[in-house]
1. Extent of the chain along each principal axis, from alpha carbon coordinates, in Å, largest to smallest?
2. Please list the non-local residues whose amide H lies under 5 Å from the amide H of Thr194, H modeled 1.01 Å from N, same-chain partners needing a gap of 5 or more.
3. More than 15 Å apart: what percent of Cα pairs in the range 73-133 qualify?
4. Give a residue-ordered list of calculated ³J(HN,Hα) values for the range 156-166 (Karplus: 6.51 cos²θ - 1.76 cosθ + 1.60, θ = phi - 60°; whole Hz; x for Gly, Pro).
5. Can you give me the distance in nm between label points at Thr68 and Lys135, each placed 7 Å from the Cα along the Cα-to-Cβ direction?
6. What nm distance separates the two modelled labels at Arg157 and Asp39, each placed 7 Å from Cα along Cα→Cβ?
7. Given just the C-alpha atoms of the range 66-168, how large is their convex hull per residue in cubic angstrom?
Amino acid sequence: MKSFRLYILGFLLLALGACDDFLTEVPETAVPEEEAMTDLESAEQIVVGIYSCFKNSSLYSGALVQATDIQTDLLYAATGYSNQFGSFYRWETTPNENVLLSVYGGLYQIIARCNFFMDHVEEVRNTLTVESERKTIDKYEGDVRFMRALAYSDLIRTFCEAYEPSTATQKMGVPLYLHYREGNGSSVKKARATLEESYAQVLEDLLQADQ
């Protein structure tokens with residue numbers, strides 16, 4: 001019996017030792033965050049990943065466009081429409097509406113990926129010595145700043161009141177996340193900025209994108 005217990009103990013110690021390497025393995029389908037954007041090629045892949053977010057079925061080919069059209073009576077329900085967007089037709093939407101949550105989450109996913117690029121773009125730029133490559137990374141940054149501005153402007157347009165200069169400093173805008181770790185993979189929750197601050201961020205990104 002004692003020898004059996006020793007056998008079990010030895011097996012457990014061997015198993016625990018073998019697990020150490022397994023627990024430190026990097027998944028083959030993932031890239032560590034610090035290695036995701038280190039050169040021009042990986043920067044291009046990050047930009048492609050941002051563009052892919054725009055294919056989200058809840059955004060520019062889905063609820064972001066359709067729900068607002070329904071609310072302005074530009075679309076009408078036909079027989080057999082299966083109650084799709086039913087609460088919007090009936091003006092019975094609530095803050096927990098899945099359609100709204102999918103639009104909100106989809107736009108912030110674009111912003112998070114843009115922020116990741118912006119957090120690492122200077123590291124990549126500092127490694128480039130060829131002028132054509134530096135122009136390429138500048139072009140990528142312009143694209144990303146424009147995409148972040150677009151996502152924020154649609155968040156403001158969809159979830160905030162209309163802009164009035166006289167009240168913009170008192171009206172609520174949207175939470176402004178400008179770094180990847182602020183709003184992705186962390187517990188940080190930002191308060192809503194003012195409407196004036198929100199639009200100022202959109203204009204700043206557009207100005208930088210143009211440059």
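Each value in this text was obtained by applying a stated rule to the coordinates, not by laboratory testing. Remember, it's a predicted structure, so these values are computed and weren't measured experimentally. Note: ideal-geometry Cβ built from the backbone for every residue, glycine included; neighbour counts use all protein chains shown.
1. Answer, in whole Å and largest first: 80, 55, 36 Å.
2. Gly173
3. On the way: 1277 of 1830 pairs.
Roughly 70 percent, rounded to a whole number.
4. 5, 4, 8, 10, 10, 6, 5, 6, 10, x, 6
5. 3.6 nm
6. It works out to 4.0 nm between the two label points.
7. Working: hull volume 17.3 nm³, N = 103.
In the range 66-168, the Cα hull volume divided by residue count equals 168 Å³.
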